[in-house]
Structures are given as C-alpha cells and as structure tokens.
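Some notes on the structure that comes next.
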Amino acid sequence: MRKIVLSVILVTILVLSYFSNYFLTSHKTNLSEISKFDTGDIAWMLVASALVLLMTPGLGFFYGGMVGKKNVISTMLQSFMAMIIVTVLWVLIAFGLSFGPSIGGIIGNPIPYIFFQGVGIGTSWKLAPTIPFLLFALFQAKFAIITPAIVTGAFAERIRFWAYLLFMVLFILFIYAPLAHMTWHPDGLLYNFGVLDFAGGTVVHMSAGWAALAGAIFLGKRKSPKPTPARITYVLLGTGLLWFGWFGFNAGSAMGANGLAAQALGTTTVAAAVASMTWVFLDKIMGHKLSAMGACIGAVVGLVTITPAAGFVSMPHAITIGIIGSIISNITVSKFHKFKIDDALDVFACHGVGGMVGMVLTGVFASKDINPAVIDQGLAFGETKLFTHQIIALVGVSIFAFTISYFLFYIVNKITPLRVSQEKEELGLDITQHGEYL
C-alpha cells in the first residue's frame, strides 16, 4: 500500500509541475518593481537564507551526538529529511497557507501561490519591499524546515521513520502554517493583536516545544535505559553550526542589510554567550562538573530565548534575557524527570520553555528606541499593554500547539503505527529503519 501511495505522490507532482503552464497564471517580470530593490539587502538575505538552512544539519549533529550509538544515523536523517520534504511542501502549498491572502486572520489562501505561481523576482512582500518576493519566500522556507526537525529530539530512538514523515507534513499544514500566518502576516490575528515575535519564538520554538511534549507523552517512554551520548564532539559541532546559522535566523529577520540586522546579530551573540556561561555556572553550583554538553545546551537555550526579542531589545537587556532563560530551562531540565515523561533530548524544556520565556521577556523589554515598529513598549518602560498581549498569545498558542499536535499524533498512529516494536528499538533504529550503522 505504501508503495502505491508514494508512487501516486511522485507521479502527481511530476504531472502537475510538467503541465503547470496550462493551469497556472503566468506573471511577467515587473521591471519598475525590480528597480526599487536594494542590492545590498538582496545580498544579505541570500546569505541569511543559506545560514538558516545550515541550522538544520547543525541540529542533526546536535541531536545525533546526544543519542545512543545505534540511533545516530536515524536521528540525524530526521533533520536532513526535513530539508527535503518541507522544501517541496513549501513550494506546493505551505507558503500559500502561511503568507497567502488572509482567511479570517487564521490561515492564508494557498491558491494564488500554489507551485510558487506569482512568487517571482518582479514583485515584493509588503513587509520586505527591498527584496524580491521569491527571496522572501525562500528565506521563510528555512524556518518551516527546522521547526519539525526540532520536534524530533523528543521522540528520538523510538519512532518509525515513515510515521515521522507523515507527522511532519501534517504539522506544517495544520500547526506551522496557521501560526506563521497569524504572527507574521499583516492581516494575521496575532500580528494585529500587537504580539511581537521578531524571528520565531512563537512560530518556531513554542510550536516545536509543545509538539515535542505531545509526542513524548503519546509515544511513551523508551524501553531501554537512557543511553550514553554517542558523540559529544557531534554536539559541539552542531552547536557551532546552530550558533553560526542563527545569525541568519535572527539578523535575517530584519529583512535587509541595515542597523536592525546589526542589533539582532548583537543581541543574539551576547544572549547565547551569557546563557551558556550561566548554564555551566549553575551546574557547578549544583555540584556537577563543567561539561561540554552543558555549555552547548546553554548556548542553544540562549539562542532560543533571544529569538522573539532579538530586534526589539537593547544589548544589556539581551544579557538579562539570556541569564533568565538559561536559569529557567536548566531548572526545568533538572526537574522534568519527576513527571515521568520521556522527552529524550529535553526539547520542551529547552525550546518550548525557552521560547515562552523569550515571548514574556519581549513583553518586558521591547523598546521603541531599538525598533520604531514597537508601538507599545515593554513592562520595564512602565507600559502594560504589550506584556498583557504577549501573555494572552502565549497561553493561546500553547493550547493550540499542544492540542493539535496530540491530535495529529493520534491520527498518524491510526494510519500507521508511530512506535517501532520493542525488538527493533533494542536493535536500534539505524539498522532496523535504514539498514545502516556506525
């Protein structure tokens, strides 16, 4: 049955793409529009797009080094396949769902942009007028790619690969696309509510964190004891790639080579550094050794926490955000085992909690002096409206992301079992799912 389904999918995409000129509207290049583009902004956004894409294989190394040796390839491949599947899905329909004409502020109408029709080099996006629309769409694709890849850390070492691929597709269509539309589209519900999310605290990290928690609960605990990490060196390499790519993630969200991009790069740098420092200091205070794993996790938590605030806060407040985010995530990681939920790589404690802390602290420290687009300033400046709206959005997004994710896991499990058998889990996913091993 699976062979038939996969064959139908491939043939359908092939036929539709081949005959696209017969049913898609052609769009001529608008030379007057091109003349308005800024070549410096285009150059920077091309680089930023590449940087963000690099984060996904970086995440593969980060996660792959943490699991047991018999599951390294499978874990890394889950991230790599996100680059493949989500890219195709984004061009076919997901971009339109995310950034198409708004339907009630909840979701976009995908029809105008299906197969990227109308997404070319002669037009631009309303909020990114100095770069081609195609470049904006491809930059946003990289955010969609890494989000379901983040989720994989929660159910590492026990999920069937084909079930994961199906969940990934449904996650993009029913969770990521609506959140991207509501948060980043000019007619989106959260955008017009005044919620600030510079580069994905809500859309990426909270959605991934809550989906990870839902997956860990639904799949249950691993049968084998928690393994020794296979390659700490992979974790170090992955952290370096993530940190490097995150400059495209946050500074690229300024949509141009400008001062705001420099501000976001600066806040990202300092938040990651101070969060890593805080994490290893806390470990020492609690009687643990200063570990490479701790330093890496702390840096990633800092990157996550600053993401929604990167273009809205000052450098000193970025330090505050990094320290607070690191402390809260560290405590969550250390206490989470009491809930008997097997979030294998602490995705919820790091990405979910980090994203939520960042959203709240954006409501505390967002400043008009940093970004004139801030209408209502943060709590630290004596204003309460933004902070209140951030909290309301946090609660709403959390309920939405967790509930729909759990439902999607349920649906996928009805179509094809999510978990591998106990025998295959003991043998490892590398050999049982892919026929490969280290």
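The values are calculated or read from the model by the stated rules, or taken from the named source; none is laboratory data. Just so you know, these numbers come straight off a predicted model, no measurement behind them. Ideal geometry is used to build each Cβ from the backbone, glycine not excepted, and the neighbour counts take in all protein chains shown. Side chains included, ligands, DNA and RNA excluded: accessible areas come from the protein's heavy atoms. Shrake-Rupley method; radii C 1.70, N 1.55, O 1.52, S 1.80 Å.
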- Message: Tell me the carbon and sulfur percent of the accessible area for the chain, rounded to whole percent, probe radius 1.4 Å.
- Response: 70
- Averaged per residue, what accessible surface does segment 58-157 expose to a 1.4 Å probe, in Å²? 27
- Task: Only Cα pairs under 8 Å and at least 6 apart count here; give the relative contact order of the chain as a rounded whole percent.
- Result: 21
- Note on the structure: Interchain or sequence-distant (5+) residues whose placed amide H lies within less than 5 Å of the amide H of residue 419 are 160
- Hey, got the dipole for segment 352-438? About the Cα centre, +1 on K and R Cβ, -1 on D and E Cβ, debye to the nearest 20? 360
- Query: Considering the dipole of the chain built from charges on the beta carbon (Lys and Arg +1, Asp and Glu -1) around the Cα centre, which of 87, 233, 437 is farthest to its positive end?
  - Reply: 437
- Query: What dipole magnitude, in Debye to the nearest 20, does the chain give about its Cα centre under +1 on Lys/Arg Cβ and -1 on Asp/Glu Cβ?
  - Reply: 1080
- Note on the structure: For residue 385, the lysines lying under 21 Å Cα to Cα, once residues fewer than eight places off in the same chain are dropped, come out as 368
- Note on the structure: Partner lysines whose C-alpha sits under 17 Å from that of residue 289, ignoring same-chain residues fewer than 8 away, are none
- Item | Anchor residue 70: aspartates and glutamates whose Cα lies under 19 Å away (excluding residues fewer than 8 positions away in-chain) | 157, 342, 343, 423, 425, 426, 430, 436
- Can you pull out the GluC sites (Glu not before Pro) in segment 389-438 that DSSP calls coil and that have at most 14 other Cβ atoms within 10 Å? 436
- Relative contact order computed over segment 223-380 (Cα-Cα under 8 Å; 6+ residues apart), in percent: 22
- Violations at 30 Å Cα threshold for listed pairs 142/335; 221/414; 3/424; 284/340 -> 142/335
- Using per-residue counts of other Cβ atoms within 10 Å, averaged over each peptide, order 3-12, 398-407, 294-303, 173-182 from highest down. 294-303, 173-182, 398-407, 3-12
